[in-house]
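To start, the structure under review is shown below, and the notes come after it.
The values are calculated or read from the model by the stated rules, or taken from the named source; none is laboratory data. In this text, all values refer to a predicted model and were calculated from it rather than measured experimentally. Virtual Cβ from ideal backbone geometry, glycine too; neighbours counted across all protein chains shown.
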Amino acid sequence: MKIEETPLKDCVLIHNTVFNDDRGYFFESFNAERFCNLTGKFVNFVQDNQSHSVRGVLRGIHFQKGEHAQSKLVRVIRGEVLDVAVDLRPASPTFGQYFSVILSDTSNTQLFVPRGFGHGFIVLSKEVNFFYKCDNFYNKASEGGLMYSDPELNIDWKMDASEILVSKKDEQNLSFSSYKESMGL
């Protein structure tokens, strides 16, 4: 396991060591002790989630507020996505900035998204199986979302807008400006 810093404070890529032979492959997708030693953070993951989506599906940009905020460790089991993390921590030097990376079943790279971040992804392959660990339980009353097409965030989703499939719920997400107002900023 190797850690690679991203431009966003506390958000890191994890590159796993994959052992291949004529039978297939093996890798350790998470080891709490190694993760803590390499990042300096102890994260107690308590919930695993998995989704299946088709090309063009955009899920996000989601976050949990307050005491229900979640860190996530995300990866792709099958297919390919553009994964996006947005720093929503007002005191952070990278507040309002985003980082994107292509995650795939062939790279076996994972992204650690700390508490206080928004997260989303768009499916670039025909289909994807997406998996993530959370360090806090989901709480419906604490969920929030930012509009994926917010002009202030200006996220390049690497896909023509006519191909993007968004849920009705995500179409109602806040603009970044409205989010800042709700935070008293």
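Below are the figures for this structure:
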item	result
Residue in the stretch 162-177 that is farther than 30 Å from Lys41 by Cα, in a loop (DSSP other than H, G, I, E, B) and among the hydroxyl-bearing types (Ser, Thr, Tyr) present	yes
Candidates Asn49, Asn31, Asn16, Asn44, filtered to the one that is within 15 Å of the chain's Cα centre (by Cα) and not basic (Lys, Arg)	Asn49
Elements of type strands (runs of 3 or more DSSP E) contained in the stretch 33-116, each with 1 or more residues being among the hydrophobic types (A, V, I, L, M, F, W, C), closer than 15 Å to Val12 by Cα and in contact with a Gly (Cβ under 8 Å, 6 or more places away or on another chain)	80-87
Near pairs, Cβ below 7 angstrom, 6+ apart or cross-chain, from the stretch 57-74 (free of Cβ contacts under 8 Å to residues at least 60 places away in the same chain and surrounded by fewer than 21 Cβ atoms within 10 Å (Cβ to Cβ)) to any residue that is of a type in the set (Gly, Ala, Ser) and part of a strand (DSSP E or B)	none
Every pair of residues 6+ apart whose Cβ atoms lie under 8 Å, when the first sits in the stretch 160-182 and is under 19 Å from Val123 (Cα atoms) and modelled with pLDDT of 95 or more while the second is in a loop (DSSP other than H, G, I, E, B) and of a type in the set (D, E, K, R)	Glu163/Arg55
Residue that is surrounded by the most Cβ atoms within 10 Å (Cβ to Cβ), among those in the stretch 11-50 that are of a type in the set (Ser, Thr, Tyr) and under 20 Å from Asn136 (Cα atoms)	Thr39
Qualifying position, being assigned to a loop (DSSP other than H, G, I, E, B) and under 28 Å from Val18 (Cβ atoms), among Lys158, Lys133	Lys158
Scan of the stretch 117-130 for residues that are among the aliphatic types (A, V, I, L, M) and part of a loop (DSSP other than H, G, I, E, B), ordered by number	Leu124
Selection from the stretch 84-142 of residues that are touching an Asp or Glu at 6+ places or on another chain (Cβ under 7 Å), of a type in the set (A, V, I, L, M, F, W, C) and without any contact (Cβ under 8 Å) to a residue 60 or more places away in the chain	Phe95, Ile102, Leu103
